[in-house]
Number of protein chains: 2
Amino acid sequence: MASDSPAKKVLVPIANGTEAIEAVITVDVLRRAGADVTVASVEKQLRVDGYHGVKIVADALISDCSQTVFDLIALPGGIPGAANLKNSEVLESLVKKQAADGKLYAAICASPAVALASWGVLKGLKATGYPPFMEQLASGAIAVESRVQVDGKVVTSRGPGTTMEFAVALVEQLYGKEKADEVSGPLVMRSNHGDEYVITELNSV
Amino acid sequence: MASDSPAKKVLVPIANGTEAIEAVITVDVLRRAGADVTVASVEKQLRVDGYHGVKIVADALISDCSQTVFDLIALPGGIPGAANLKNSEVLESLVKKQAADGKLYAAICASPAVALASWGVLKGLKATGYPPFMEQLASGAIAVESRVQVDGKVVTSRGPGTTMEFAVALVEQLYGKEKADEVSGPLVMRSNHGDEYVITELNSV
Ligand SMILES: [Cu+]
């Protein structure tokens with residue numbers, strides 16, 4: 001945690017059918033940056049069964065979060081996780097308030113189309129999403145094919161393989177470029193193309 | 001699941017302090033390939049508290065798996081997760097049997113050095129790991145700096161940001177290149193350098 005300012009408060013809602021890769025990378029990377037991340041279940045219980053059977057225990061129920069002010073709300077995808085998030089009225093009103101207040105919100109994979117666009121909070125904004133959902137996304141947003149898209153206070157991304165870039169982009173939005181670089185180094189992300197093909201032997205063979 | 005052959009059996013052990021990103025990507029990607037993955041806790045209970053507080057519920061306790069024959073055992077990293085895996089005698093004997101039987105085993109992040117090398121199952125083999133652990137790794141393996149290293153029946157990798165490549169490499173080892181390509185497409189991984197910077201607008205702005 002930063003010593004001079006309170007930690008940024010982040011909400012990551014999860015549901016049965018959430019893509020666990022997307023939830024866990026987002027939570028973990030934001031916590032590495034010092035954010036105070038609440039993983040909140042939109043189900044009746046804390047434990048959710050993610051897509052492909054990965055079982056995660058949330059920190060709170062979404063109903064416990066309805067009065068909290070967040071600096072960022074970030075929705076993971078997965079099917080039917082995205083639809084289950086969309087059907088949470090508490091989450092819908094939290095995200096609509098986030099949009100109305102000019103605060104950050106974000107989604108990845110199926111959730112930009114299935115949740116954000118259907119709630120009407122992407123109108124006139126450039127957004128991306130999981131490839132099979134681009135047509136649905138285009139009905140409620142300016143659909144663009146980028147790995148991570150930032151437009152105003154909205155950050156969207158495409159799928160499991162883009163989640164780490166998405167999470168680092170969220171760190172940059174909350175804390176700036178320097179913190180994003182500080183966090184991404186230890187993650188061993190791909191950076192300079194070609195570096196990953198260089199093999200250095202550390203001791204003699 | 002493949003219709004003509006039984007699903008490949010995979011063990012992914014987890015512990016308190018496991019890097020949840022590494023565990024969840026490995027499990028999820030292998031399940032996408034059709035593998036029968038058992039997430040097994042080396043703790044006394046199914047629920048483990050991962051590094052950065054991500055809470056995962058395992059499918060089984062490691063003691064329930066001591067008689068099972070696996071096609072692959074893959075260890076996630078994280079601190080102190082890697083040390084907690086190393087201290088599991090059941091896991092140690094499963095991995096040593098895997099090595100003796102010429103079957104696949106794998107580890108990422110701190111686990112190649114902290115678990116595999118300390119068990120003596122990387123001797124004379126090229127392996128990689130989390131950058132700060134390379135010196136420790138070099139005392140029990142031929143330490144190399146690649147994002148994913150395959151040597152014989154051992155696959156090793158570096159950290160959260162290399163886990164998806166690691167998991168796809170495990171799919172390739174178990175099922176072949178065609179299945180690996182089939183699984184990696186929908187993950188929206190980086191492939192052709194430069195593609196990710198091309199933004200296509202799907203509807204007129
Ligand atoms: Cu790690």
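The values are calculated or read from the model by the stated rules, or taken from the named source; none is laboratory data. Not measured: the values here are computed from a predicted model. All Cβ positions, even for glycine, are placed from backbone atoms using ideal geometry, and neighbour counts span all protein chains on display.
Annotations for the structure displayed:
- Flag if A:VAL121 is over 30 Å from B:ASN16 (Cβ atoms) and assigned to a loop (DSSP other than H, G, I, E, B): yes
- Among the residues of region B:85-118, those that are outside any loop (DSSP other than H, G, I, E, B), away from the ligand (no atom under 16 Å from the Cβ) and of a type in the set (Ser, Thr, Tyr) comprise B:SER93, B:TYR105, B:SER118.
- If the condition is being assigned to a strand (DSSP E or B), more than 16 Å from the ligand (Cβ to nearest atom) and out of contact with any Leu (no Cβ under 7 Å at 6 or more places or on another chain), then region B:12-56 contributes B:ASP36, B:VAL39, B:ARG47, B:LYS55.
- Within the span defined as region B:148-166, every residue fails to be away from the ligand (no atom under 16 Å from the Cβ), aromatic (Phe, Trp, Tyr) and either under 27 Å from B:THR68 (Cα atoms) or in contact with a strand residue (DSSP E or B) (Cβ under 8 Å, 6 or more places away or on another chain) (or both).
- Within region A:64-86, tally of residues that are of a type in the set (D, E, K, R) and either surrounded by fewer than 22 Cβ atoms within 10 Å (Cβ to Cβ) or at positive phi (or both): 2
- Answer from B:GLY120, B:GLY129, B:GLY140 - the residue that is over 18 Å from A:ARG147 (Cα atoms), touching a residue at least 12 places away in the same chain (Cβ under 8 Å) and either facing another protein chain (nearest Cβ under 10 Å) or touching a Pro at 6+ places or on another chain (Cβ under 6 Å) (or both): B:GLY129
- Complete set of residues in region A:169-192 that are within 16 Å of the ligand (Cβ to nearest atom) and among the β-branched types (Val, Ile, Thr): A:VAL183, A:VAL188
- Every pair of residues 6+ apart whose Cβ atoms lie under 6 Å, when the first sits in region B:55-78 and is within 14 Å of chain A (Cβ to nearest Cβ) and more than 11 Å from B:VAL24 (Cα to Cα) while the second is within 16 Å of the ligand (Cβ to nearest atom) and among the small types (Gly, Ala, Ser): B:GLY77/B:ALA110; B:GLY77/B:SER111; B:GLY78/B:GLY17
- Residue among B:LEU46, B:LEU61, B:LEU94 that is under 22 Å from B:VAL171 (Cβ atoms) and either at pLDDT 95 or above or surrounded by fewer than 18 Cβ atoms within 10 Å (Cβ to Cβ) (or both): B:LEU94
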